[in-house]
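The values are calculated or read from the model by the stated rules, or taken from the named source; none is laboratory data. Source: prediction; values computed, not measured. Note that each Cβ is placed from the backbone with ideal geometry, even for glycine, and that neighbours are counted across all protein chains shown. In case anyone asks, the SASA skips ligands and DNA or RNA and just uses the protein heavy atoms, side chains included. Shrake-Rupley method; radii C 1.70, N 1.55, O 1.52, S 1.80 Å.
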2 protein chains.
Amino acid sequence: MQGQADQRESGSARVAESLAIAIHEHRLSPGMKLSEDEVGEIYGVSRTVVRAALQELAHDRLVELKRNRGAFVAQPSVKEAREVFEARSLLEPRTAKSAAERATPEDIKILQKHIDEEHAALHAGDTGRALHLSGMFHVEIARIADQSTVADFIAQLVSRSSLIIALYWQRRTALCESHAHDALIKALARRDGAAAEELMKHHLLDLLTSLDLRDQPSVPKSLKEALN
Amino acid sequence: MQGQADQRESGSARVAESLAIAIHEHRLSPGMKLSEDEVGEIYGVSRTVVRAALQELAHDRLVELKRNRGAFVAQPSVKEAREVFEARSLLEPRTAKSAAERATPEDIKILQKHIDEEHAALHAGDTGRALHLSGMFHVEIARIADQSTVADFIAQLVSRSSLIIALYWQRRTALCESHAHDALIKALARRDGAAAEELMKHHLLDLLTSLDLRDQPSVPKSLKEALN
DNA sequence: TGCGCTAAAATCGTATACAATGACGTAAAC
DNA sequence: GTTTACGTCATTGTATACGATTTTAGCGCA
């Protein structure tokens, strides 16, 4: 995702990406322990490459490395959650504006495909995959803006947002938020930068307010973690 | 820098920080090869920890990892240089505004100390250290804004800016740019958020325009690299 | 039963060893 | 003289081994 450009995907990059997707799709929950031996056995690689992968994920704040204790799927605090969306609100609206001013018909097609797949996944009941694709939509917009540096940051923030949603999402809002993406793609298609910027800004605000950020640090999986 | 919070600084973190500072201070030039054996011998550690450190630096885009070829101090392209300053212009002005609204007298003292040390280093002829301290000033402002997520991004962008300056700085501007930081600190001291935002915006613009971003990709150290 | 101590088991941090890939120099052919 | 093929060397990628730290289970005792 944010790794350096390897022509042939290195072992650690493959493991890191697989784990990252699993986290995005909420198949790995916040707080879960990622034992080096266990992960290595699953992917058929040695602890060396697993450690490299975990370090990469730790750098993206998707896992937390505790010295001599191991790697755990990160559990963003309420403060961190607010910070992530604050950072996104600084980066994404302006980036959406740039994207709107540069979007080609092919770009629009790719975005539309993302949305279609997202709807399909949602219809199939695979909310995890739908969430993942929803995030990819944001990253794709940054890519269209031809700002790979900002795109990397946004990709990282989207990843962390996935963890934040896993922890703080309020169940009552049934309809995920597909309308926002539809409106965005329309603004991009007609190259309306100002509209895209405004839509993205409100979309992020809606996302933030749909979270329940009232203090409860997390939902610990076991009593021990609760009392740690 | 952006690593996970380790209570006791791990070996790789120590090596990575030392290398990062050396890069910030322009003691390691863009394009230089960082042999694992060599670095390991210097710091008295094995290649295992050196590799971890290099991977961390690669994630921050300070070094470039070429598969089966090794690690090299990064040589940001002109496009990357523009992207870095574009990202900074998205993040730093608003962050400076937040910092101004939150700055305590102690914060101002710390910032002033940074400036003083910077001036002292400059006076002592240690331009490398002055440049490093100048970057730390920007990171410190983000820290004052109490936005650690954004602060991490800014820290990474400042690091990369150091490399960009090493490659594209125009020598003719003698006076580094100390006035800008002085003006900023004054705005922060009187809690003038709007002024701080505007000052930071122009400061970054000045920095960008003081670079010579006309295409020459770099100054290769040897003929071979030139023809690679 | 509950608490504290001890020891064993598990897991991580680092070093070393081996395999694989690319770099470089030499030599032969055109 | 230039170029290409090959062999050797150096350097990285991965696996394994060992020591250090933490966790946990067992045991005795209050």
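Only the Cβ atoms of Lys and Arg (+1) and of Asp and Glu (-1) were treated as charged; on that basis the dipole of chain B about its Cα centre amounts to roughly 500 debye. Extending 7 Å from the Cα toward the beta-carbon at both residue A:210 and residue A:120 defines two label points whose distance is 2.2 nm.
Mind checking the angle between helix A:127-144 and chain A's longest principal axis? C-alpha axes, 0 to 90 degrees, to the nearest 10. In chain A, helix A:127-144 runs at an angle near 60 degrees to the longest axis. Relative to the longest principal axis of chain A, what angle (0 to 90°, nearest 10) does the C-alpha long axis of helix A:11-24 take? The helix A:11-24 is inclined about 70 degrees to chain A. For chain A, with a Gaussian network of springs between Cα atoms less than 10 Å apart, report the residue from A:110, A:154, A:185 with the top mean-square fluctuation. For chain A, modelled as a Gaussian network with Cα springs under 10 Å, the answer is A:110.
How would you classify the protein assembly as shown from its alpha-carbon gyration tensor, with a ≥ b ≥ c the square roots of the eigenvalues: rounded for a/c under 1.5, else prolate if a/b is greater than b/c, otherwise oblate? Write down the numbers at each step before the final one.
Values: a/c = 1.44, a/b = 1.21, b/c = 1.19.
Rounded, because the longest to shortest axis ratio a/c is under 1.5.
For segment A:11-75, averaging the sequence separation of C-alpha pairs within contact (under 8 Å, six or more residues apart) and dividing by the residue count gives a relative contact order of 40 percent. Can you list, shortest first and in nm, the gaps between the label point of residue B:120 and those of its counterparts in the other copies, using a point 7 Å from Cα in the C-beta direction? Here the equivalent label points are 6.4 nm apart from this one.
Peptide A:48-60 has a mean shielding of 3, counted as Cβ atoms of other protein chains within 10 Å of each residue's Cβ.
Of the residues A:164, B:205, A:111, the one whose Cα sits farthest towards the positive end of the charge dipole of the protein assembly as shown is A:164 (charges of +1 on Lys and Arg Cβ, -1 on Asp and Glu Cβ, taken about the Cα centre). Sorted shortest first, the distances from the residue B:77 label point to those of the same residue in the other copies are 4.0 nm; each point sits 7 Å from Cα along Cα-to-Cβ. The antiparallel fraction among DSSP beta bridges confined to the protein assembly as shown stands at about 100%.
With helices as the sole contributors, chain A gives -22000 deg cm²/dmol at 222 nm; each DSSP H run of n ≥ 4 counts as -39500 (n - 2.57), and the sum is divided by every residue. In the protein assembly as shown, a dipole from Cβ-located charges (positive for Lys and Arg, negative for Asp and Glu) runs towards its positive end, and of A:26, B:120, A:16 it is A:16 whose Cα lies farthest in that direction.
If one takes the accessible area of chain A alone plus chain B alone and subtracts that of the pair, with a 1.4 Å probe, what total in Å², rounded to the nearest 100, results? Please report the intermediate quantities before stating the final value.
Values: alone 13030 and 13060 Å², together 22870 Å².
Using a 1.4 Å probe, the pair buries roughly 3200 Å².
Here the protein assembly as shown is assigned +1 on the Cβ of each Lys and Arg and -1 on the Cβ of each Asp and Glu. Its dipole about the Cα centre then comes out at about 260 debye.
Residues of segment B:93-121 that bury at least 30 Å² of accessible area when the other protein chains are present, relative to the chain alone (probe 1.4 Å, heavy atoms, ligands and nucleic acids excluded): B:94. For segment B:78-209, what does the alpha-carbon gyration tensor say about shape, rounded, prolate or oblate, given a ≥ b ≥ c as the root eigenvalues, a/c under 1.5 as rounded, and a/b over b/c as prolate? It comes out oblate by the Cα gyration axes. Per residue of peptide A:197-209, the mean number of Cβ atoms on other chains within 10 Å of the residue Cβ is 0. Between copies, residue B:205 shows label-point distances of 2.7 nm, shortest first, with the point placed 7 angstrom from Cα along Cα to C-beta.
Counting only alpha carbon atoms, the long axis of helix B:105-123 and the longest principal axis of chain B meet at about 50°. Only lysine pairs 8 or more places apart, or on different chains, with alpha-carbon atoms under 22 angstrom apart are counted in chain B, and they number 15.
Decide, for segment A:1-105, between rounded, prolate and oblate: order the square roots of the alpha carbon gyration tensor eigenvalues as a ≥ b ≥ c, take rounded if a/c falls under 1.5, and otherwise choose prolate if a/b is larger than b/c, else oblate. Working shown, then result.
Working: a/c = 2.70, a/b = 1.49, b/c = 1.81.
Note, shape of segment A:1-105 comes out oblate.
Across chain B, the longest piece that holds none of the GluC sites (Glu not before Pro) lying in DSSP loops with up to 15 other C-beta atoms within 10 Å covers B:10-176. Taking all protein chains as they are arranged and a probe of 1.4 Å, the heavy atoms of residue B:136 leave approximately 80 Å² accessible to solvent. The residues of the protein assembly as shown present an accessible area of 50 Å² per residue when probed at 1.4 Å with all protein chains retained.
Per residue of B:65-74, how many C-beta atoms from partner chains lie within 10 Å of its own C-beta, taken as a mean? Don't skip to the answer; put the middle values down first.
Values: counts 5, 4, 7, 2, 0, 0, 1, 0, 0, 1.
Partner-chain Cβ atoms within 10 Å, mean over residues of B:65-74: 2.
Could you pull out the longest piece of chain B with no exposed loop trypsin sites (Lys or Arg not before Pro) in it, calling a site exposed if DSSP puts it outside H, G, I, E, B and it has at most 16 other Cβ atoms within 10 Å?
Numbers: sites that count: B:8, B:27, B:67, B:69, B:171, B:172, B:190, B:191, B:214, B:221.
No qualifying site falls inside B:70-170, the longest such stretch.
First compute the accessible area of the protein assembly as shown with a 1.4 Å probe, then give the percent of it belonging to carbon and sulfur atoms. C and S fraction of accessible area: 51 percent.
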